[in-house]
Amino acid sequence: MVPTAHACAVGCERNGPVVNPRRLAASRAACAALMAAAPLAAFAQIIPAPPLHEAGGSTYRIFVRGAPIGAEQVAVTRTADGWTIVSSGRLGAPFDVVGRRVQVRYTPDWHPVELSFDATVRGQHQTVHTIVEGTIAKSEINVGGQATQKSDTIAADAVLVLPNSFFGPYEALAARLRTATSGATVPVYTVPQGSFSVRAGDSATEQIQTAAGVVATRRTHITLMLPAAALDGDVWTDHTGRLVRISLPAQSVEFVREDIASVSSRTVPISRPNDEPVKIPGNGFVLAGTLSRPTTTTEKRLPAIVLVGGSGPTDRDEMMFGIPILGQIANALADAGFMALRYDKRGIGQSGGRAEAASLADFTEDGRAAVKWLSDRKDVDPKRIAVVGHSEGGAVALMAAAKDKRIAGVVVIGTNGGSGAELVLAQQQHLLNRSTMTAEERQAKVDLQKRIHEAVLTGKGWDQLPADVRRQVDNPEFQSILLNDPAKVIPDVRQPILIVQGELDTQVEPSNADKLEALARKRKNAPPVDVVKVPGVNHLLVPAKTGEVDEYGTLTEKQVSANVTDAIGTWLKKTLSGAR
């Protein structure tokens, strides 16, 4: 996906529209009513949660930007008096929390009764004890020996959570989502800070492959309706309603049950009967992928396509808002007679490597590794291999083609035509133009974003940025995104190029396609370049009304537009037929 100005560097409540390009799909929209929650399908094989010393317990792993930072043990018990959630765990930097015990009690119908928290946070002992009486939550807080009290009015059926990355208390949210219909809201009280609500979006069943078997889950899209902005994510539950996974892309935070967190497990949202799971040798690690092929063919050696997804923690299917973008494109290309290879980005899903230490140049080498792997196969025509990249994946595809003559054609979809820094500022301006901020407030946000860029690109001014901003933006991918400029890459791309652009794309506006076309036509002895602009299609490549990010959660069409896939398939047939 591409950066969106809704994606705050450190969280929208604090900084407003400050853009971090790593959050390429982070910003979500409020979810409107789409359909009633779908019932779970029959289970192929129920995999029990890992054993814990407390009855009903599970162990979860916590990841930030794809890196493991801690673990939490969570137990849920039911008695005649109601429900009790107990957890304990440890988080490393940047949280530095040792949670000795978190306990939350509810009545049998999930009305809050009490929360207690005992932990050491960055070396300082902290406790919180909250009692709920009707709609009044009374809290006693002790931080480093300093005691305070606080009283808040909350919803009588509020879910009690904590203002840190301990997710055990969200078991109560999972229980509520089990019966929630799309569009329903669940009140939440962050102890002892304040209230917000969680809006349930559409739900779907998903199968997760693990080393031990298949886990059937229900995935529900959620929107955290925070005071300053909406933060979107997804919650997976098992057949009992227990938590399996929580994903908050805007914060690059994942809370995953241990058996599901294994690199041997993956969600399968789309597949073909003849799909082949594959391992692609990379630079010191292995990329895991799926090779889709035509159902029938008379050719001994087929043309092949490498699919490259956008930035952020993107798996092989590039699942966004219930749309497996690359998975659907791969399926369409296989139907059109191509072999289609898609893979989990390094450090994501079943692929090895470290995502947090990777730049666009590293992702380019991963794409080239996929091209080499295909070219070595006896059932692939090595002269007919193309690369298709969506969003930032288009930039990676161009960089790979500039270096690798084994690539016979390049397709870029919704890809930036200027520098990454220019795109980020343009996206921020788009969001600011739609906000109710004063002119002074808008300028302050722009100035902060420019200071972030200066610090990342020059190394100057880091001390002028908030610490939490520095943690978010100080990474190789962010820097390489800001530095990336197709004007410096395209002159070295000697292959034919197809530029596909949704006319309702508000993340990478249609003018970017014009910029890419102009650059491609300026090449010496310019190879062919074609442009296809698809009316009524947004950045997710599906039909939309406005194309705005805040519309994504309300989209009823979850299928990549046939106008997109047909254009790609037709162009590839024409281009690769001449590459024999």
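Can you check how the C-alpha radius of gyration of segment 415-519 compares to 2.2 N^0.38 Å, as a plain ratio? Here the answer is 1.23, to two decimals. Within the straight-line cut-off of under 21 Å between alpha carbons, the lysines reachable from Lys460 are Lys445, Lys450, sequence neighbours fewer than 8 places apart in one chain being disregarded.
Between the Cα long axis of helix 420-433 and the first principal axis of the chain there is an angle of about 50°, rounded to the nearest 10. Projected area of the chain, taken from the Cα convex hull and averaged over every viewing direction, in nm²? Computed as one quarter of the Cα hull surface, the answer is 26.4 nm². Taking Cβ atoms as reference points and 12 Å as the exclusive limit, the residues near Ala119 contribute a net charge of +1, counting Lys and Arg as +1 and Asp and Glu as -1. Cross-link partners of Lys279 among lysines, defined as those whose alpha carbon lies under 28 angstrom from its own and excluding same-chain residues fewer than eight positions apart: Lys300, Lys345, Lys372, Lys378, Lys383, Lys403, Lys405, Lys573. Taking other residues whose beta carbon is less than 14 angstrom from the beta carbon of Val98, and scoring Lys, Arg as +1 and Asp, Glu as -1, yields +1. The H on the amide N of Leu302, modeled in the peptide plane, is under 5 Å from the matching H of Val380, Asp381, each at least 5 residues off or on a different chain.
Here is the tail figure for segment 422-479: Cα pairs spaced more than 18 Å apart come to 37 percent of all pairs.
Peptides 77-87, 235-245, 112-122 ranked from most to least packed, by the mean per-residue count of other Cβ atoms within 10 Å: 235-245, 112-122, 77-87.
Using DSSP to call loops (not H, G, I, E or B), can you name the trypsin sites (Lys or Arg not before Pro) in segment 253-317 whose Cβ has at most 13 other Cβ atoms within 10 angstrom?
Lys300
Solvent-free Debye calculation, one equal scatterer per alpha-carbon of segment 83-242: log10 I(q)/I(0) at 0.13 Å⁻¹ equals -0.66.
Between 0 and 90 degrees, the angle of helix 392-403 with respect to the longest Cα principal axis of the chain falls at about 40 degrees. Using just its DSSP H runs of length 4 or more, each adding -39500 (n - 2.57), the chain gives a mean residue ellipticity at 222 nm of -7000 deg cm²/dmol after division by all residues. The lysines within cross-link reach of Lys150, meaning a Cα-to-Cα straight distance under 20 Å and a gap of 8 or more places when in the same chain, are Lys138. Volume per residue for segment 366-430 equals 79 cubic angstrom (convex hull of Cα atoms). Set the Cα radius of gyration of segment 323-476 against 2.2 N^0.38 Å, with N its number of residues, and you get 1.30. Once divided by 2.2 N^0.38 Å, the Cα radius of gyration of segment 525-580 becomes 1.46.
Here, each number is a calculation from the coordinates, and none is a lab measurement. Not measured: the values here are computed from a predicted model. When we count neighbours, we look across all protein chains shown, and the Cβ atoms used for this are built from the backbone with ideal geometry, even at glycine.
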